[in-house]
Amino acid sequence: MRWLWLDRFTEFESGSHAKGLKCVALDEEVVDKYIPGYPVLPPTLIIEGLAQLGGILVSEHFDFTVRTVLGKVNRAIYHRMARPGDQLEYYAKLENTQSEGAICSCTCHCDGELLAEIDLMFAFLDADRFGVESMFNDGDLLSMLRLMNLFHVAKDANGQPLEISPNL
């Protein structure tokens, strides 16, 4: 994954929910250039950040054995734009899982104020149809999750520290 729209995890409970932070910075080119003269984080990148948070929640639930991609944005409601200096608090709740995918309900807050409500549907790519090659080089996903402090905060369903999956 080349661009990360999630800076770090703050909470992670396997099979339940995840929380994370995104700090909006003026030095991010996309923030400065999206609406010239009015710097904001494009709303689609809030969706992407929540998709990264929810996608990792879904993938971990399946022990990183499924190739998870964002399949559909079921609903997206924005209450205000994210501006430079905002610290976005992302939340994803795993609502439903099936053999073909999963659904997460997500929110984005800043300073306690609701910025966005997003419902996401994730799909699992069928290995027979789309191939089995990984979306990451060996060890890259594990390194990324470590950089974002996942294993500092992650708990399994019993409240114990999350073990690092051999599938990473």
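Looking across segment 1-29, the residues that are within 11 Å of the chain's Cα centre (by Cα), touching a residue at least 60 places away in the same chain (Cβ under 8 Å) and not in a strand (DSSP E or B) come down to Leu4, Leu6, Asp7. When segment 145-155 is limited to residues that are more than 15 Å from Lys22 (Cα to Cα) and aliphatic (A, V, I, L, M), the one that is surrounded by the fewest Cβ atoms within 10 Å (Cβ to Cβ) turns out to be Val153.
Taking Arg75, is it surrounded by fewer than 18 Cβ atoms within 10 Å (Cβ to Cβ), out of contact with any helix residue (DSSP H, G or I) (no Cβ under 6 Å at 6 or more places or on another chain) and within 22 Å of Thr10 (Cβ to Cβ)? Answer is no for this residue. Looking across Arg129, Arg80, one residue alone is more than 18 Å from the chain's Cα centre (by Cα), among the basic types (Lys, Arg) and farther than 20 Å from Gly49 by Cα. It is Arg129. If the condition is being farther than 16 Å from Gly15 by Cβ and either of a type in the set (Gly, Ala, Ser) or part of a strand (DSSP E or B) (or both), then segment 82-98 contributes Ala82, Gly85, Gln87, Leu88, Glu89, Tyr90. Could you check Asp32 against (1) within 27 Å of Ser165 (Cβ to Cβ); (2) without any contact (Cβ under 8 Å) to a residue 60 or more places away in the chain; (3) surrounded by 15 or more Cβ atoms within 10 Å (Cβ to Cβ) and say which number it fails? The number of the failed condition is (1).
Bear in mind that the values in this text are calculations on the coordinates, not laboratory data. Computed from a prediction, not measured in an experiment: that's the story for all the values here. Glycine also receives a Cβ, built like all others from the backbone with ideal geometry; neighbour counts cover every protein chain displayed.
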